[in-house]
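Some notes on the structure that comes next.
The values are calculated or read from the model by the stated rules, or taken from the named source; none is laboratory data. The shown structure was predicted, so the numbers you read here are calculated from the model rather than taken from an experiment. FYI the Cβ positions are ideal-geometry reconstructions off the backbone, even for glycines, and counts take in every protein chain you see.
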Amino acid sequence: MTGIEERLSRTLERAAERAPRLAPSAGERLETGYRRRRHRSRALLAAATVTVVAGGVVVGLRGVDGRALPAAGPSGAPSARIGVTAEPVEKMWPQAVWRMPVRDSGGRELRPVTLIGDGTLLVKAGRKAEEPEVLYLYDLAGGHLRKITDVRRPGKGTVSAANFGVGEGVVAWSTSASTSVRLWTAPLNGGEARQVAEHETAGDGVDGLAVAKGTIVFSVRKGGVFGVPVNGGRVTPVGRGAGLHLLSWPWAGSPGSWSPRDGAPFTHLVNLETGQTSDAAPARRGERLLACGVRSCVATTPGGTRAFTLLRDGSRRQEVPTGFQVPEPPGQSRFHVRALRGDAPDLGLYDLRTGRLADLGTADGATWAEVPVTDRAGRMMTYVIAKDRYVIDLSRIP
């Protein structure tokens, strides 16, 4: 594969790292389907055309013969054309870009999870991507790494820690066994992790988790939002959450990221605090909604040759320029990643709002670099070049 194809492949793998883990029984049932999907993904990557909807969206838009398609907007959407020169991202947005180590002193790879406040990063570390061993807080400005807690290694038949959420002075996460999920917390200022609850799921897994108002809120892949006090107690259903999947507290909706056969994820949303609902406008004839966030959706034109963003009510349709990858999550519709020169290893970050294009510098680390991806909240973008991990706080870009 070419450099860009390898990094796209690594992006899909890392998106899978952040996704909820299947219980062993479910994994066995889906093994055949997984092999088929992996074979199809390799074929798509070879054509540099990728569409993934599983907790997020990565879309590569190329002509079937490998040439970039002309920028022509979908009906009613302004066409996006690129006529600007890329500047180094650290020069263009110095207030939003940091570098940090790739590994800790023990040789474990550091993988950012989410930004906490302004300039503090929750980081998981492990020798295997799917098995976090330690949680840290990292001070981006000062470069200091502070240990929060050790993460218990998964036992036989147990899936590793995933679905990390922060709030109320704690970090919370889930693990999955064959018949249940377990909820864990540790104080952000450091301390031993403890199990606060166990919830019987008959093999179902967690697909979203948040900490809000003294409660760990989570949803499961078959649908349903539940809560348990941060300090432990009984797991109970969250009002208005039946059959829904957590997107971003207090919003939950359907279909979930794990059920694309039921339609574009999160076209229907419910505010679990107020009861407010939001239904995405149906796609126009021949177009296809890929996924929606709290404010916007991503869709493709007839034939899937071009992608565009639009608000949930169907307005403000704006095309994503040809050749760009739409990063996860789908609600993050402003910034898009692309190869700056065909299939060359150098990547750029395009701001759809301002039309500015930043060079991410990946050509300098072409031997090993990642396609940048965002966190679940759509605020932080991260990627690795050689021995440096870059972190971009998208909220600091005016």
The residue from R306, R338, R356, R312 that alone is closer than 28 Å to P265 by Cα, modelled with pLDDT of 85 or more and charged (D, E, K, R) is R312
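In the set P112, P88, P94, which member is closer than 24 Å to G191 by Cβ, out of contact with any Phe, Trp or Tyr (no Cβ under 6 Å at 6 or more places or on another chain) and not charged (D, E, K, R)? Explain how you work it out, then say what you get.
Working: P88 fails: closer than 24 Å to G191 by Cβ; P94 fails: closer than 24 Å to G191 by Cβ.
Answer to the selection: P112.
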Filtering the stretch 98-149 down to residues that are crowded, with 17+ Cβ neighbours inside 10 Å, farther than 20 Å from G169 by Cβ and basic (K, R) yields R108, R111
Note on the stretch 112-148: residues in a strand (DSSP E or B) and farther than 29 Å from A96 by Cβ are K128, E131
Those residues of the stretch 159-194 which are within 20 Å of R111 (Cβ to Cβ) and in a loop (DSSP other than H, G, I, E, B) amount to L188, G190, A193
Within the stretch 380-398, restricting to residues that are outside any strand (DSSP E or B) and modelled with pLDDT under 90, the one that is farthest from K124 (Cα to Cα) is A386
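Just the residues that are under 10 Å from V89 (Cα atoms) and hydrophobic (A, V, I, L, M, F, W, C), please, taken from the stretch 345-365.
Selection gives L349, L357, A358, L360.
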When you scan the stretch 180-192, do you find a residue that is touching a residue at least 40 places away in the same chain (Cβ under 8 Å), buried (at least 22 other Cβ atoms within 10 Å of the Cβ) and in contact with a strand residue (DSSP E or B) (Cβ under 9 Å, 6 or more places away or on another chain), even just one? yes
With criteria (1) touching a residue at least 40 places away in the same chain (Cβ under 8 Å); (2) part of a loop (DSSP other than H, G, I, E, B); (3) surrounded by fewer than 23 Cβ atoms within 10 Å (Cβ to Cβ); (4) among the hydrophobic types (A, V, I, L, M, F, W, C), F266 comes up short on (3)
The condition of being farther than 27 Å from T354 by Cβ and either hydroxyl-bearing (S, T, Y) or part of a loop (DSSP other than H, G, I, E, B) (or both) holds, among R240, R261, only for R240
